[in-house]
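Taking it in order: structure first as structure tokens, then the write-up.
The values are calculated or read from the model by the stated rules, or taken from the named source; none is laboratory data. Since the model is a prediction, treat every value here as computed from it, not as a measurement. FYI the Cβ positions are ideal-geometry reconstructions off the backbone, even for glycines, and counts take in every protein chain you see. For the accessible areas, the whole protein counts, side chains as well, though only heavy atoms, and no ligand, DNA or RNA atoms are used. Shrake-Rupley method; radii C 1.70, N 1.55, O 1.52, S 1.80 Å.
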Amino acid sequence: GLHHVTSMASDAQTNNHFFTKVLGLRRVKKTVNFDSPKVYHLYYGDSVGTPGTVMTYFPFPNIQRGERGSGEVGITNFSVPVDALKFWEQRFAAFELKDISTNEVFGEKRLYFKGPDGDDFALVETPNDRRIPWFAQDIPLELAIRGFHSTTLRLRKSEPVEELLKFMNYESDDSKDGVTRMTNSNKNGAHVLELEAEASMQLASQGGGSVHHIAFAVENREKQLEVRNALVDAGFAVTPVIDRDYFWAIYFKTPEGILFEVATNEPGFDRDESEADLGKALKLPTQHEHLREQLESYLQPIDSK
């Protein structure tokens, strides 16, 4: 299933407030972009950042808003318990979120809403999701977000990506109104992908509110190497393994250019701070530690969690 979803934002404090105060997730890590250390990399999820629960962001100050279209992750869908949507709809209205609407897709009730940068999200009522959520003081535990349900990929043609996903151990589950639902039997709670196809859809342009990439979980580096070898043998251009401190990562692009990552479940977000202190201090990659004083003076202050 999914490991994490990474998007781009225009303001770190606004992004932090939205995920911790509105959605009630825990900030499990405050670090920086490996390639652009003057930009935060913020991680939100359950109490420990379990794979399948983690939404991450690069807040590029004042980045231009992205344009929605094909070749991107269009909607990030979170799992909530059955009968939770009424609470969330009232909560979102109180926070004045935009474009709140409801629908039923593949027999599941959904609540759609926008993030601060026009990000497309939905809450999906999911029966029997036994994942334990982070406890946010003003959100009843029995109504809280459990983690990801799925992502919706927007495409002009779904068949090439569908074939890739079958290669990655997904199976076609259902199809309706131009959307194909794919599921993975190795379920971590975030094991669904939906392919929304429309031949005339304009191409997406990445910016604020766009998903940068989605990551799929593997148990360890040994399994990751097996996946990498299989992808290379199948003709995909795959990066070498990259150490991201909290997981190891490889990257490749799908047909239509969506960036996929395969990330290990090890070592986890508690490798450099205790579970009680996750997300509090600024953690820097080793290669950027010598820049700490400069970065701490440059990076926008973020309210405590």
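Can you give me the number of residues within segment 126-167 that are of a type in the set (Phe, Trp, Tyr), surrounded by fewer than 21 Cβ atoms within 10 Å (Cβ to Cβ) and closer than 18 Å to ILE214 by Cβ?
Looking only at that region, the number is 1.
Among the listed residues PHE252, PHE247, identify the single one that is of a type in the set (A, V, I, L, M, F, W, C) and within 30 Å of MET201 (Cα to Cα).
After ruling out the rest, the residue left standing is PHE252.
Filter segment 1-15 down to residues that are out of contact with any helix residue (DSSP H, G or I) (no Cβ under 6 Å at 6 or more places or on another chain) and over 18 Å from TYR246 (Cβ atoms) and give me whichever is surrounded by the fewest Cβ atoms within 10 Å (Cβ to Cβ).
Step by step, filter segment 1-15, then rank; the result is GLN13.
Would you please name the residue that is most open to solvent (accessible area, probe 1.4 Å), looking only at residues in segment 220-248 that are part of a helix (DSSP H, G or I) and hydrophobic (A, V, I, L, M, F, W, C)?
Out of the qualifying residues, it is LEU225.
For segment 249-271, give me the residue count where each residue is farther than 27 Å from LEU195 by Cβ, out of contact with any Leu (no Cβ under 7 Å at 6 or more places or on another chain) and open to solvent by less than 50 Å² (accessible area, probe 1.4 Å).
Count: 1.
Output the residues belonging to segment 22-37 that are closer than 17 Å to THR53 by Cβ and among the small types (Gly, Ala, Ser).
Scanning segment 22-37 gives a single hit, GLY24.
Show the residue pairs meeting these rules: Cβ distance below 8 Å; 6+ apart or different chains; first residue within segment 264-286 and farther than 16 Å from PHE247 by Cα; second residue assigned to a helix (DSSP H, G or I) and open to solvent by 70 Å² or more (accessible area, probe 1.4 Å).
As it stands, the answer is LEU282/GLU296, since those pairs meet every condition given.
Here's the yes/no breakdown for (1) open to solvent by 60 Å² or more (accessible area, probe 1.4 Å); (2) touching a Pro at 6+ places or on another chain (Cβ under 6 Å); (3) under 20 Å from LEU23 (Cα atoms):
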{"residue": "MET55", "(1), (2), (3)": "no, no, yes"}
{"residue": "GLY69", "(1), (2), (3)": "no, no, no"}
{"residue": "GLY74", "(1), (2), (3)": "no, no, yes"}
{"residue": "PHE92", "(1), (2), (3)": "no, no, yes"}
{"residue": "ASP99", "(1), (2), (3)": "yes, no, yes"}
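If you go through segment 76-90, how many residues are open to solvent by 50 Å² or more (accessible area, probe 1.4 Å) and either under 24 Å from SER205 (Cβ atoms) or touching a strand residue (DSSP E or B) at 6+ places or on another chain (Cβ under 8 Å) (or both)?
The total comes to 3.
Name every residue in segment 28-42 that is outside any loop (DSSP other than H, G, I, E, B) and open to solvent by 10 Å² or more (accessible area, probe 1.4 Å), in order of residue number.
Matches in segment 28-42: LYS30, TYR40, HIS41.
Out of segment 11-29, which residues are out of contact with any His (no Cβ under 8 Å at 6 or more places or on another chain) and more than 23 Å from ALA94 (Cβ to Cβ)?
The answer is ALA12, VAL28.
Assess whether VAL48 counts as being within 16 Å of the chain's Cα centre (by Cα), modelled with pLDDT of 95 or more and surrounded by fewer than 21 Cβ atoms within 10 Å (Cβ to Cβ).
Yes: the conditions hold for VAL48.
Residue-wise test of (1) touching a helix residue (DSSP H, G or I) at 6+ places or on another chain (Cβ under 7 Å); (2) closer than 30 Å to THR31 by Cα; (3) of a type in the set (Val, Ile, Thr).
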site: PRO59; (1), (2), (3): yes, yes, no
site: ASN77; (1), (2), (3): no, yes, no
site: VAL82; (1), (2), (3): no, no, yes
site: ALA94; (1), (2), (3): no, no, no
site: GLY115; (1), (2), (3): yes, yes, no
